[in-house]
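Each reported figure results from applying straightforward, stated rules to the coordinates on display, with no laboratory input. Source: prediction; values computed, not measured. Cβ placement follows ideal geometry from the backbone for every residue including glycine, while neighbour counts extend to all protein chains displayed.
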Amino acid sequence: MYSEKVMDHFEHPRNVGEIENASGVGTVGNAKCGDIMRIYLDIDENQIIRDVKFKTFGCGAAVATSSMATEMVKGKTIQEAMEVTNKAVMEALDGLPPVKVHCSLLAEEAIHAALWDYAEKHDIKIEGLEKPKSDIHEGEEAEEEEY
Ligand code: FES
C-alpha cells in the first residue's frame, strides 16, 4: 500500500520538533480527519530557510509527507519553498494511496501559514501566498453528500 520512501519517512521522520523564537509558525487543521500540523521556520536575513521543524497529531501519511516537505524546503528561498506543493511532495515519496492524499495537504498548508506569519511579522508580501485558512476543507463536500 505504501512506497518504501513513505515507510522510511514514517519510521524515521526528519525535522521533528520545534524551533524557539521561530521566524514564522503555522498551525493548520484538516477538516476531513481533525488532525493538526504545526510547522516552525527559521528564516535568515536573505530570506533563506535555515531550519524547519514540524509537530503533528496526524496519521502516518501526514508524518511522512511533512518529513519530506521539510526536507524539500530546508536551505531554500521563500519563493522556492512556495513551489513545494503537496503534489511535488507526493511525487518525491513515489505516491500515496488516493484516500491519503488529503493528509499531504497538511504540510503544504502549514508551511504557507508559517510563511504568512513570517511575512506579517516582517511586513513583507510573498508572491502567490494567500492568507491561510484555519481548516483544510478538501473532500468535505463529498463526505457530506454521503450522509
Ligand atoms: Fe488525518 Fe491523515 S488521516 S492527516
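Only sites in a loop by DSSP and with at most 16 other Cβ atoms within 10 Å count here; which GluC sites (Glu not before Pro) in region 8-44 make the cut?
Those satisfying the criteria are GLU18, GLU20.
Got a sec? How would GLU71, GLU108 order by Cβ neighbour count within 10 Å, fewest to most?
Exposure proxy ranking, most exposed first: GLU71, GLU108.
Specify the angular offset, from 0 to 90 degrees and rounded to the nearest 10, of the alpha carbon long axis of helix 60-73 from the longest principal axis of the alpha carbons in the chain.
The angle comes out near 30 degrees.
If you build a Gaussian network model of the chain, linking Cα atoms that sit under 10 Å apart, which residue out of ASN46, ASN86, ASN15 swings the most?
Checking each option, the largest mean-square fluctuation is seen for ASN46.
Under Stokes-Einstein, with the Kirkwood radius over Cα pairs standing in for Rh, what whole-number D in µm²/s applies to region 21-135 at 10 °C and 1.306 mPa s?
Result for D is 115 µm²/s.
What order do you get for CYS59, CYS103 when you list them from fewest to most C-beta neighbours inside 10 Å?
If I rank by nearby Cβ atoms, fewest first, I get CYS59, CYS103.
Can you give the local net charge around GLY26? Use residues other than it whose beta-carbon is closer than 10 angstrom to its beta-carbon, Lys and Arg +1, Asp and Glu -1.
-1
Within the set of other residues whose C-beta is less than 13 Å from the C-beta of ILE49, count the net charge using Lys and Arg as +1 and Asp and Glu as -1.
-3
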